[in-house]
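The values are calculated or read from the model by the stated rules, or taken from the named source; none is laboratory data. None of the values given here were measured: they were computed from a predicted structure. Backbone-built Cβ (ideal geometry, glycine too); neighbour counts: all protein chains shown.
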Amino acid sequence: MAKQFIISIGREYGSGGRVIAEHLAKTLNVKFYDKNIIEHIAQEKKLNLDQLKKYDEKARNIWLSRSVDGLSNSPEDTIAQMQFDFLKERAQAGESFVVLGRCASYILRDFDCMIKVFVTSDMHHKMERIASIEHLDPVMVEDMIIKNNKKRKAYHNFYSKEKWGDSRYYDLIISTSKIGIDGACDVVLDYVNKIIED
């Protein structure tokens, strides 16, 4: 039986982390989980997919929800917990997979087979990449990048006791600025293969 591994990819918006995560999953022939977790949950629990998507990867709005004895009435909390449970169930079942975001580096921290990666890039490269993908003026995308990273950080830091992007909580942090996304894919894959083969 193949050795189980779970790769968690955290990333800054525009750094290419999604491309790296998809490449790893394809190359290693394992499942890739990201926002598609919501689709799995909706299907398994027979819930409305559009309703679930509204609250995906959003931190609880403290003004519109309340907690009593540690229990919350927040849809954001409920959907986050369903995703965390989904990932834990897959990990406990022995499945190998790559997961993008979803606080996976924290939620699955107790699994020895966990490899935690964070992908970053300098602002100039993120701006050029997003401007090219979205067909926008590079100057206009800086605010978009800042807002998206602020949302990711808020979500991660709300549901995790670890700080988003803090090197103490990752096995590997890689910047795509100098070696590009393909180069970063090669480095991460080499790192993962060394761990898997041990």
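Computed values, structure above
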quantity: Matching option when the condition is β-branched (Val, Ile, Thr) and touching a residue at least 60 places away in the same chain (Cβ under 8 Å), among 179, 196, 133, 107; calculated: 196
quantity: Single condition residue 154 does not satisfy, out of (1) of a type in the set (Gly, Ala, Ser); (2) part of a helix (DSSP H, G or I); (3) closer than 17 Å to residue 21 by Cβ; (4) within 17 Å of the chain's Cα centre (by Cα); calculated: (3)
quantity: Of all residues making up region 157-177, the number that are part of a helix (DSSP H, G or I) and over 14 Å from residue 117 (Cα atoms); calculated: 4
quantity: From 146, 196, 133, residue being assigned to a helix (DSSP H, G or I) and touching a Gly at 6+ places or on another chain (Cβ under 9 Å); calculated: 133
quantity: Residue in region 71-83 that is modelled with pLDDT of 85 or more and either among the basic types (Lys, Arg) or within 23 Å of residue 26 (Cα to Cα) (or both) present; calculated: yes
quantity: Tabulated pairs, region 1-28, first of a type in the set (Asp, Glu), second part of a strand (DSSP E or B), C-beta under 9 angstrom, 6+ apart or interchain; calculated: 12/118; 12/119; 12/120; 22/32; 22/98; 22/100
quantity: Filtered residues of region 18-32 (kept if of a type in the set (Val, Ile, Thr) and closer than 14 Å to residue 8 by Cβ); calculated: 20, 30
quantity: Condition broken by residue 20, with the remaining ones in (1) surrounded by fewer than 17 Cβ atoms within 10 Å (Cβ to Cβ); (2) assigned to a helix (DSSP H, G or I) satisfied; calculated: (1)
